[in-house]
Every structure is written in structure tokens, then in C-alpha cells.
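Engineer: Questions regarding the structure given below will be posed in turn.
Just so you know, all these numbers are worked out from the coordinates, no wet-lab data involved. In this text, all values refer to a predicted model and were calculated from it rather than measured experimentally. All Cβ positions, glycine included, derive from the backbone under ideal geometry; neighbour counts span all protein chains shown.
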Amino acid sequence: MEETVKNDDPELVRSFNSGSEAAFDELVRKYSVQMYNVAHGLLGSREDAEEVVQDAFVKAYRNLKTFRGDSSFSTWLYRIVMNLSRNKYHWNRRRGAGQNISMSAEKGFGNDGKNQDMDVPDISNGPEKAIESAEENSRIMKAVDALPETLKEVIILRHVENMSYEDIAKITEANIGTVKSRISRARETLSERLKSECPVSNTELR
């Protein structure tokens, strides 16, 4: 008979700490895609993102008994992923590994500021428009990848994960004013870079 587990994070954490492996499996199921999106946005490499997410869940598994609940489980897990992504990013730079901008071909920002899949372009308005949209998303994601680390982190959390300023502040352990300032600077930098590359672009991140 399969073990039945609840979907509530605090209950899942309690169940796992009481010996339920199924509870941790449910946490992995709930958060693996979100954690991958963040790691992939920060690292630009499918392989690196998968490695970071795997390591993050291993670390969470080993340390969940020490989780005090000062923040939500998801915030705690995001912090682990962010820290591991930073470590991986700096390790790649030290060994001279070039950044794989594969994310520009897979994920991007739409004109509404939300993330969207780009594997199958929308051709409802004609193939020319679909190509233009894919190219514009590619330019945006390459510009995001070139941002300083602290700015890239907040813009990914805001526009890929659609997080509130409050949640971003908790994850990055910065105050809300700092988060808003970083997002504003990131948007300004992206806007200037995109305008210099393509003056007719109307894409904005809000």
C-alpha cells in the first residue's frame, strides 16, 4: 500500500523528519521545476542547472532535520540553489569555462514581462513575426546573462519566477529597498543595452 502524504510544506517537513521518505519525494516533485528554472537562468547551462538542483536536494535531504522554520521551506531551498549556483558560476569562471547561453533558445521574457517557452514559436501571426519574437527573446536573455551577479539574481527571481519583492528579499537576504534598487538598476541596464543593439525594440521589463 502506497504511503499517502499531505501537500502542505510544514507537514511534509514534519513527516520527513518522522521518517517518511515519501514526504521528501513530494517536496522534490513540488519544487524541482522551479529550482531548475532559477539555476538555469543564472547559469545558462542545462547540465550545470541539473547538477545544481540535484546537489541542492541532496543538501536539503541531509540538513532538513536542522531546518528551524524561521523562513518557509521554499525560501530555504531557494537560498540553497542560489548559493550553489553562485559557487558553480565562480568555479566555471576560474576554470575558464565559457557560458553556454542555451537558455536564450529555451526560455525568454515575453513583452508582458513573463517567462515563456520558446521551443515552439507561435506562428499564428506569421512565421516572420515568430522569428522576430524568438530573436528578441534571445537578445534579452543574452543581455540578462551579461548582468552583474547580484542584478541577474533579482531579475531572474522577479521575471522568471514572478516573485514578490518580499519573497526576493527573504531569499537574497537583502532588505526590500535594496531589492527594488537592484531590480531598477537591472531594468535600466537591460533597457540601455537592448536599445543600443536594436534601437527600434519596444521590449520592457516591468
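Engineer: May I ask you to evaluate 6.51 cos²θ - 1.76 cosθ + 1.60, the Karplus curve with θ = phi - 60°, for each residue of the range 166-176 and list the ³J(HN,Hα) values in order in whole Hz, giving x for glycine and proline?
Structural biologist: 4, 5, 4, 4, 5, 5, 8, 6, 10, 6, 4
Engineer: Here is a further query. Apply the Karplus parameterisation 6.51 cos²θ - 1.76 cosθ + 1.60, with θ equal to phi minus 60°, to every residue of the range 75-85 and state each ³J(HN,Hα) to the nearest whole Hz, in sequence, with x for glycine and proline.
Structural biologist: 4, 4, 5, 4, 4, 4, 5, 4, 5, 5, 5
Engineer: About its Cα centre, how strong a charge dipole does the range 1-100 have in debye, to the nearest 20, once Lys and Arg get +1 and Asp and Glu get -1 at the Cβ? Each step should come with its number before you reach the end.
Structural biologist: On the way: 15 positive and 14 negative charges, 138 e Å.
Dipole of the range 1-100, to the nearest 20 debye: 660 debye.
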